[in-house]
Every structure is written in C-alpha cells, then in structure tokens.
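Worksheet for the structure shown next.
The values are calculated or read from the model by the stated rules, or taken from the named source; none is laboratory data. From a predicted model like this one, the values you see are computed outputs, not experimental measurements. Virtual Cβ from ideal backbone geometry, glycine too; neighbours counted across all protein chains shown.
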Amino acid sequence: MTPSALSQHVVIVGGGFAGLHAAKRLGKAGCRVTLLDKRNFQLFQPLLYQVATGSLPPGDIAIPQRVVLRKYPTVRAIQATAYDVDPQARVLRHEHGELQYDTLIVATGVKHSYFGKDQWKPFAPGLKTVEHAIEIRHKIFKAFELAEVTEDPAERARLMTFVIVGGGPTGVELAGAIGELAHKTMVKDFRAIDPRAARIILVEGAAGVLPVYDRSLRDAARQSLEQLGVTVMTETRVEDIGERSVRIRRGDAVETIDCGTVLWAAGVTASAFGQILAERTGAERDRGGRVMVNPDCSLPGHDNIFVVGDLAKLKDAAGHEVPGLAQGAIQEGQYVANLLLARARGKTLAPFRYKDLGSMAVIGMNHAVGDLRLFKVRGIVGWFIWAFVHVASLVAPEQRVSVFLEWAWKYLTRRQGDRLITTNPTNTQRLRAERLAPGRNQAA
C-alpha cells in the first residue's frame, strides 16, 4: 500500500461493534483513523440485560475503545458528540471542534422508539446503554425493597408486578432473568414478602414470543418463561403507560394492570446523527429511520461515506436484508475496512455478502433457544452453547475471563453478582425536617 493511501484520513463516528471492528482492521494496516464516540467505551449489548438484572457488573461487558486500539498507533480515539457533517467540504463537526476526513464511516446505531408515544419514556425505560441498565437494576431491586416495608397489601402487589413490553430477544431475556431472581435467587432473602409472589408479565403484539424464530423454538421459549413464573400475553397491545399502571388491549378486552415497574423492549429507531446525515446527503431512510445504502455500504452519490451497523438499511449481494444483530454489524465494519484497503491498492471488492451465523435467546439459567442454521437447540444444551458463544465474542481477553468466572460462580452457588442499588439514599436531615415539621401528624 502506498504512503499516500496510508495518509488518507478515515473518520469513524460510533465505537460500537461496526465502528470498532472497522477501526481495528484499518489500524492493523497502518491507516490514519479517528474514532469518535459519545462514550469512551465499547459496550457488549447482548449481555446488557445481565447488568440490568444484577448478574454482571458493567465493567465486565464494557471496555474503553482506546484500550482495544492501543496497539494501533495510527488510530486515535476521541470522546465527543458529533452534531453535523458537511459532505462537500468533507468536514465532521463535533462538540470540541471539527475533523477533516477523506472517508467517513457512520456507525451510530439505533435508539428506542415509543411509536410516537414519547410520554411513556419516563415510566418505561428501555435497554440500550449502561445508564439504562443501571436505571433498570435500580427499579427492579428497589421494587422488592419497597414491597418488603409496605404494610398495604394492594401496594405490595403493585410493587411486585413487573411488565415487560416486547417479546423479542431482549424482552424474553429480561423477563426470564426477573423470573429467575424472584423464583430462585432471592427466595430466602426477604422476611415480609415472598419474592415468588411477584407477577411478571411479558406483553407481545404478535402471536408468539420471538416472532422471527421457528415455531418449535417459540413454543420452547414460552414454556421456559412460564416455568419461571412469567405470564406471557401474546396478541396484546399496549394502549397507555403511566407512573403506576399499564393499559393493554387483547382483542376487544381492555385491562389496566397496576404495576411498579415497566420495561420497554418493543421497538427502535435510528440515531439522531443518522437523521442529520440523511438530511445533509439526501439519503433515503426507511420507516424506522435507517439509512438506505448501496450493496457496498456506501451512500448513493457519496462513495466516500459509508453507513454500517444497525443504522444501515442494507440488502446484501444475495438480496437478503441484513438484520440488526451484532454479527451483521461486525461483518459490515470489517467489510468496509477491507474495501477501503482494496481501493488503496487500486482494486475493489464484490458487494457485501452477509454470513448468517444464527441467533439465540436465553431464558434464565439452563434454558436457551437457538437457530444455528445447521441445527436448532433448546434447553440446557442451548444454554451452554449460548454461554460459550457470548464469552468468546467479548472483545478483550480479560473480559472473557471475568465473565466466565462470574458465570461459573453463579452457576455453582446460585448467587447473583451485583444487586446493589446505587442511587442516592434519602437525606436524613431533609427527611427529619419534613416528618417533624410543626403541625404534621407524626403517626401518619
């Protein structure tokens, strides 16, 4: 590769699966790369639900990008938020300044979509970031703590009711993990309540959970959820979410469920920067806001701008739409990096072709379902395959060792790793001033 090709500046926006793997491949070849991300770490999102339910601490599934890239001296990592791009001037603007680029790779992913009901967001957090996971962990364990101290049976029942909206992999995994907490892990931890009395409801609009899976796997997943005490409501729509309840509709029947915790796993939409990029380049977007790209991941009319990962609406060389999974994002990031290296040698690559490695979902300990293309798995065999695949997929060796040890300890002892509630506790002086204020009924 010529020195002039190596001096070309590649700017990557987004340090998730796609962006980080593109940066690693280009860095290995000695290319000049700047990786920019809002956060300074890469997050292994497939295991984020385990942080939300106390099985793993955040550090086990997150690692700073600059640590991953430290062996590549031509790659620079910047923590900053990008807010504009000028395709004609080839300038990316971010909160600390701007970057001139020769090639731009955008991998900013997706965020939650409440289907036009953004007023539900404060009451039903989703699960996309570490902050989301910690918020959900707080809500789950705080609900049990409050149920332990209340003497009102109706309030206790409300606090111990958990509603998960969305029966895809994230919703199924969250419901299964909460079910395992209530029915196995925490059974002996409380005195005034029995965690097994918790009501865990999974709401899905389709006819079955995990709608894209084979019928036999959907049925196996539902059976595993029900064994963990999860009530599965399919063909059910959410009509409203409030601070203390959810209103659902099943056919002509409408029901209001009083609950202490609602978790959202029902839909996603493109990131804000994806919309900015589309406006600046004239790129088309689908209904979910994903940016439509050519079969080589480039933007139509802009052969030096690429969109990869969940943000990209891509049909591969075989005409198959690439799903929004980690494996697709990794393959796209590596493909674009290889395409740029080929271009630098005066060559090119055939259009992107997705290699489907299958998909899996876990439902508590010893239960998982998976379609691995050559065969389908379920039960404990599926769980061990799922565990092996996810440990092996972690970016750093130290993460693999840490997660393996955490899981091994949990498997042998049935003890949860991280059930801490880390928000600020009630302030003593403020509470005293409120409760002992003149004229207040102290017995209330």
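Counting only strands (runs of 3 or more DSSP E) wholly contained in the stretch 337-426, the ones carrying 2 or more residues that are in contact with a Ser or Thr (Cβ under 7 Å, 6 or more places away or on another chain), buried (at least 19 other Cβ atoms within 10 Å of the Cβ) and not aliphatic (A, V, I, L, M) occupy 368-371. Summed over the stretch 32-53, the residues that are touching a helix residue (DSSP H, G or I) at 6+ places or on another chain (Cβ under 6 Å) and part of a loop (DSSP other than H, G, I, E, B) give a count of 1. The single condition among (1) under 20 Å from ALA154 (Cβ atoms); (2) in contact with a strand residue (DSSP E or B) (Cβ under 9 Å, 6 or more places away or on another chain) that ALA192 does not meet is (2). Only one entry in ALA157, ALA198 is modelled with pLDDT of 95 or more and in contact with a helix residue (DSSP H, G or I) (Cβ under 6 Å, 6 or more places away or on another chain), namely ALA198. Based on what the data block shows, is ARG285 under 25 Å from the mean Cα position of the chain (by Cα), buried (at least 23 other Cβ atoms within 10 Å of the Cβ) and not hydrophobic (A, V, I, L, M, F, W, C)? The answer is no for ARG285.
Scanning the stretch 59-71 turns up at least one residue that is more than 30 Å from ALA177 (Cα to Cα), assigned to a loop (DSSP other than H, G, I, E, B), of a type in the set (A, V, I, L, M) and not assigned by TED's automatic domain parsing to the domain that holds HIS132.
What about VAL91, is it more than 27 Å from the chain's Cα centre (by Cα) and aliphatic (A, V, I, L, M)? So VAL91 fits the description; yes.
I'd like the full set of residues that are touching a helix residue (DSSP H, G or I) at 6+ places or on another chain (Cβ under 9 Å), assigned to a loop (DSSP other than H, G, I, E, B) and either surrounded by fewer than 19 Cβ atoms within 10 Å (Cβ to Cβ) or not assigned by TED's automatic domain parsing to the domain that holds CYS259 (or both), limited to the stretch 213-227. None - no residue of the stretch 213-227 is touching a helix residue (DSSP H, G or I) at 6+ places or on another chain (Cβ under 9 Å), assigned to a loop (DSSP other than H, G, I, E, B) and either surrounded by fewer than 19 Cβ atoms within 10 Å (Cβ to Cβ) or not assigned by TED's automatic domain parsing to the domain that holds CYS259 (or both), so the list stays empty.
In the condition set (1) among the small types (Gly, Ala, Ser); (2) in contact (Cβ under 8 Å) with a residue 40 or more places away in the chain; (3) on the phi > 0 side of the Ramachandran plot, GLY288 is compliant with all but (3). Scanning the stretch 160-178 for residues that are in contact with a helix residue (DSSP H, G or I) (Cβ under 9 Å, 6 or more places away or on another chain) and either farther than 22 Å from ARG247 by Cβ or among the β-branched types (Val, Ile, Thr) (or both) gives THR161, ILE164, VAL165, PRO169, THR170, VAL172, GLU173, GLY176, ALA177, ILE178.
Under the condition of being more than 20 Å from LEU311 (Cα to Cα) and not in a loop (DSSP other than H, G, I, E, B), the residues counted in the stretch 109-131 number 4.
On the stretch given as the stretch 258-268, residues that are part of a strand (DSSP E or B), touching a Ser or Thr at 6+ places or on another chain (Cβ under 7 Å) and surrounded by 18 or more Cβ atoms within 10 Å (Cβ to Cβ) total 1.
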